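Visitor: Have a look at this one.
Derivation of every value follows stated rules applied to the coordinates shown; laboratory data play no part. Everything numeric here is computed off the predicted structure, so don't read it as measured data. Neighbour counts run over all protein chains shown; Cβ positions are idealised from the backbone, glycine included.
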Amino acid sequence: MIVVPTAAALRFVGAATWAALSHNRVDEDVWTHAQDVPHVRLGQSADLVLVAPATADLLARAAHGQADDLLTNILLTARCPVLFAPAMHTEMWEHPATVDNVAVLRRRGAIVLDPAEGRLTGTDTGPGRLPEPAEIAEFAELLLTRPDALPRDLEGRRVVISAGGTREAVDPVRFLGNASSGRQGYALAAVAAARGAEVVVAAANVELPAPAGVEVRRVVSAIELAEVVEKAAQAADVIVMTAAVADFRPTATAEHKIKKGAAEPTEIPLARNPDILRELVQSRRPGQIIVGFAAETGDETGDVLAHGRVKLQRKGCDLLVVNDVSQGRAFGRSDNAAVILSADAADVTLAHGPKTLLAAAVWDAVSARLSS
Ligand code: CTP
């Protein structure tokens, strides 16, 4: 890894720190070590150029093809993916000059993430915050594995994703829940936003930072999830249900904490929750694409894929992404292996890899359907 700071970046963190952390020489201008022709060589030899944080000034210089320091020279010579992670104040991000510069860079194939929303360097808050470093690192890893993973093919598309796991209250302190972390749903949301979609996530008990450029609506129970997803679905082109939805809920939530007492344990009567995916399929708009996820373990009646095929048919969705979760695989981990099933196309088998890589494959399949 080579760090190429701008002159402004060196006011925040000195060159010695970058050199020590990257174990490489750190130059900022094109004149140092000119015998190595760094202004051309670094860009030509890079597998990925990541600009983080990308300021309004840097985006402007990049959009205009300026080459007044080493970093902007690299941007002109690089033929690998270029990923910008913007950070600036809201006014600067929303200024027509920046909006135009970002559009120009995206049109030329650069990947410009949306900034996150939240506290900025002053007392102000809003869009403009640097996306979470972990999220930037995931995108960088994705692009190093699959340089073509982030086309702008979902521009103008509205996407709704459910993520996490629902909780059904038993009493004020207990619930029936599951182990879903929401990572796969958030990875799908982050990748869809980076591919240009307008993304709403219905997040059931997810303890992860919101992906940059994504609207998160928080819910707890299956009924709340159904309400939020069904409302957002009315305007959606694509719906992806990754949430682990409880099939049953206690018929009533005890008003007070249930005490152990001396008696035998009490039974908890259960009522059936709506099958949200099925209901979405039944009320779908023409052209709307609906994707389900199924975490399966094989059993004596069939293997993981056999269960997946039956579920695809039962639910009636366009695509079903089947994960093998036997022996604690998938839950809470950042990588996954899966098969994308559809009624009318060949299975897509995906090897173990980061959840963003699986997300990119799901969006490829969705995108192919949207354009056919
Ligand atoms: N799902 C849903 N509503 C439910 C249950 C599941 O929308 N009440 C969705 C999930 O979000 C997922 C898909 O359906 O996209 C498959 O979830 P799964 O729990 O595997 O389906 P079930 O119908 O509960 O099947 P099983 O008989 O295996 O429990």
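Visitor: Just give me the residues in the range 186-227 being in contact with a strand residue (DSSP E or B) (Cβ under 6 Å, 6 or more places away or on another chain) and at positive phi, in sequence order.
Guide: The answer is 205, and nothing else.
Visitor: Considering only residues that are over 21 Å from residue 87 (Cα atoms) and not hydrophobic (A, V, I, L, M, F, W, C), which ones fall in the range 187-216?
Guide: 205, 207, listed by residue number.
Visitor: Taking helices (runs of 4 or more DSSP H) that fall entirely within the range 66-136, which contain at least 1 residues that are farther than 28 Å from residue 148 by Cα?
Guide: Once the helices (runs of 4 or more DSSP H) in the range 66-136 are filtered for at least 1 residues that are farther than 28 Å from residue 148 by Cα, what remains is 90-94, 96-107.
Visitor: Every residue in the range 96-145 that is farther than 23 Å from residue 357 by Cβ and touching a Leu at 6+ places or on another chain (Cβ under 8 Å), please.
Guide: 98, 101, 102, 105, 115, 126, 128, 129
Visitor: Of the residues in the range 255-303, how many are more than 10 Å from the ligand (Cβ to nearest atom), over 26 Å from residue 171 (Cβ atoms) and assigned to a loop (DSSP other than H, G, I, E, B)?
Guide: Here the count works out to 10.
Visitor: Right, another one. Would you tally the residues in the range 319-328 being away from the ligand (no atom under 12 Å from the Cβ) and over 17 Å from residue 244 (Cβ atoms)?
Guide: Residues flagged as away from the ligand (no atom under 12 Å from the Cβ) and over 17 Å from residue 244 (Cβ atoms) within the range 319-328 amount to 1.
Yes/no per residue for (1) under 22 Å from the mean Cα position of the chain (by Cα); (2) crowded, with 20+ Cβ neighbours inside 10 Å:
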| site | (1), (2) |
| --- | --- |
| 220 | yes, no |
| 226 | yes, yes |
| 233 | yes, yes |
| 237 | yes, no |
| 247 | no, no |
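Visitor: Given the criterion more than 13 Å from the ligand (Cβ to nearest atom), without any contact (Cβ under 8 Å) to a residue 24 or more places away in the chain and either surrounded by 13 or more Cβ atoms within 10 Å (Cβ to Cβ) or not aromatic (Phe, Trp, Tyr) (or both), identify the matching residue among 339, 310, 366, 348.
Guide: None of the other options fit; the residue is 348.
Visitor: Further question: Is the range 11-18 home to any residue that is on the phi < 0 side of the Ramachandran plot and surrounded by 17 or more Cβ atoms within 10 Å (Cβ to Cβ)?
Guide: Yes, there is a match, as at least one residue in the range 11-18 is on the phi < 0 side of the Ramachandran plot and surrounded by 17 or more Cβ atoms within 10 Å (Cβ to Cβ).
Visitor: Here is a further query. Just checking, which of 197, 210, 235, 252 is away from the ligand (no atom under 13 Å from the Cβ), farther than 30 Å from residue 103 by Cα and of a type in the set (Gly, Ala, Ser)?
Guide: Sole residue among the options that is away from the ligand (no atom under 13 Å from the Cβ), farther than 30 Å from residue 103 by Cα and of a type in the set (Gly, Ala, Ser): 252.
Visitor: Could you list, in sequence order, the residues of the range 135-159 that are small (Gly, Ala, Ser) and without any contact (Cβ under 8 Å) to a residue 24 or more places away in the chain?
Guide: 137
Visitor: Could you please tell me which pairs satisfy a Cβ distance under 9 Å, a separation of 6+ or placement on different chains, a first residue in the range 49-72 that is in contact (Cβ under 8 Å) with a residue 60 or more places away in the chain, and a second residue that is of a type in the set (S, T, N, Q)?
Guide: 69/6; 70/6; 70/32; 71/6
Visitor: OK, next. I'm checking my understanding of the structure. Among residues of the range 141-192 that are part of a helix (DSSP H, G or I) and among the small types (Gly, Ala, Ser), which one is farthest from residue 292 (Cα to Cα)?
Guide: 190
Visitor: Moving to a separate point now. Right, residue 52: under 31 Å from the mean Cα position of the chain (by Cα) and not in a helix (DSSP H, G or I) or not?
Guide: In short, yes.
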